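Working notes, structure below.
The values are calculated or read from the model by the stated rules, or taken from the named source; none is laboratory data. Note that the structure is predicted; figures quoted are calculated from it, not measured. Cβ placement follows ideal geometry from the backbone for every residue including glycine, while neighbour counts extend to all protein chains displayed.
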Amino acid sequence: MGEQGADIIDVGAESTLAQAARVDEAGQNSKLLPVIRALRESGIVVSAETYQPAVTRACLEAGANILNLTGADRTHELFRMVAAHDAAVIICYVQGRNVREVGDFDFSADPIVLMQDYFGRQTEIAVRNGVEKILLDPGLGFYYRNLQDNSVRVRHQMTVFLNTFRLRALGFPICHALPHAFEYFGEEVRCSEPFFAVLAALGKADLFRTHEVPRIKAVLDTLQVF
């Protein structure tokens, strides 16, 4: 969901959970392509999450409007595919080759500065390869080993949400996935994404990835009163 209420459905065929099984390219395509085609036939804007070139190509050919890129490897090739289909790309911040191959998150420097450097390099490559529609995602839902502690992870997420405005200096809209924080919200878990949406909105995020569309819309509509 975007800040103006534009709806996008994001689909992916390989979980980013550390313990989840890997899915090969054929397996991803068999799951993704029928869904993408059906959604596009209904006029729905579709984002496809992958870091595999073969999956990217197949998803774009099936009609996906956006590549939700969760890897840092072979990006020249991936960006050329995006440009050839006049699609958009969400560049996710990943410390590693892809979201499934990360270790410890680097806390040696201000995380926003690290993200600015990463996004600066990747957007330069994307533009050089002809991509015209770019969004940036700080990747707050990815499973780094040293972000398993609940308080450390949530503190990091909240810090990045509130500092999102600093990434806007790069000149591209910012996308955020809203977390659940089960450990803190418990039975009230459906309140977690609206809570984090407030922080992200205060940080000037542009696009919100959520499972709670009506609730997030109500939050954003209310914040518009200011």
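For segment 13-53, name all the residues that are of a type in the set (G, A, S), modelled with pLDDT of 95 or more and either buried (at least 16 other Cβ atoms within 10 Å of the Cβ) or within 16 Å of A88 (Cβ to Cβ) (or both).
Within segment 13-53, S47, A48 meet the criteria.
Would you list the helices (runs of 4 or more DSSP H) that sit entirely within segment 151-225 and hold 2 or more residues that are crowded, with 20+ Cβ neighbours inside 10 Å?
192-202, 213-223
Return yes when F119 is over 27 Å from T159 (Cα atoms), in contact (Cβ under 8 Å) with a residue 40 or more places away in the chain and among the aromatic types (F, W, Y) and no when it is not.
no
Could you please let me know if D104 is farther than 20 Å from I66 by Cα and part of a loop (DSSP other than H, G, I, E, B)?
yes
Would you please list the contacts, defined by Cβ atoms under 8 Å and residues six or more apart or on different chains, that run from a residue in segment 169-193 that is within 19 Å of V131 (Cα to Cα) and modelled with pLDDT of 95 or more to a residue that is among the hydrophobic types (A, V, I, L, M, F, W, C) and in a loop (DSSP other than H, G, I, E, B)?
Correct list of pairs: I174/A205; C175/A205.
Only residues in segment 133-161 that are within 30 Å of A84 (Cα to Cα) count as the first member; pair them with residues that are small (G, A, S) and part of a helix (DSSP H, G or I), Cβ under 9 angstrom, at least 6 apart or cross-chain, and list the lot.
Partner pairs satisfying both residue conditions: I134/A126.
I'd like to verify a number: residues in segment 70-90 that are under 17 Å from V23 (Cβ atoms) and not in a loop (DSSP other than H, G, I, E, B), how many?
Number of matching residues: 1.
For segment 21-43, indicate whether the set of residues that are closer than 20 Å to T210 by Cβ, part of a loop (DSSP other than H, G, I, E, B) and touching a residue at least 24 places away in the same chain (Cβ under 8 Å) is non-empty.
No; the residues of segment 21-43 include none that is closer than 20 Å to T210 by Cβ, part of a loop (DSSP other than H, G, I, E, B) and touching a residue at least 24 places away in the same chain (Cβ under 8 Å).
Considering segment 88-111 alone, what residues qualify as being over 16 Å from C175 (Cα atoms), aliphatic (A, V, I, L, M) and either more than 18 Å from the chain's Cα centre (by Cα) or modelled with pLDDT of 95 or more (or both)?
Passing the criteria: only A109.
For the structure I just gave you, tell me whether F119 is part of a helix (DSSP H, G or I), crowded, with 20+ Cβ neighbours inside 10 Å and among the aromatic types (F, W, Y). Working first, answer last.
Working: part of a helix (DSSP H, G or I): yes; crowded, with 20+ Cβ neighbours inside 10 Å: yes; among the aromatic types (F, W, Y): yes.
Yes.
Would you mention how many residues in segment 129-184 are among the hydrophobic types (A, V, I, L, M, F, W, C), touching a strand residue (DSSP E or B) at 6+ places or on another chain (Cβ under 8 Å) and closer than 13 Å to D206 by Cα?
Within segment 129-184, residues that are among the hydrophobic types (A, V, I, L, M, F, W, C), touching a strand residue (DSSP E or B) at 6+ places or on another chain (Cβ under 8 Å) and closer than 13 Å to D206 by Cα number 10.
Could you tell me which numbered condition L114 fails, if it satisfies all but one of (1) over 20 Å from I36 (Cα atoms); (2) surrounded by 20 or more Cβ atoms within 10 Å (Cβ to Cβ); (3) at pLDDT 95 or above?
In the conditions (1) over 20 Å from I36 (Cα atoms); (2) surrounded by 20 or more Cβ atoms within 10 Å (Cβ to Cβ); (3) at pLDDT 95 or above, L114 misses (2) alone.
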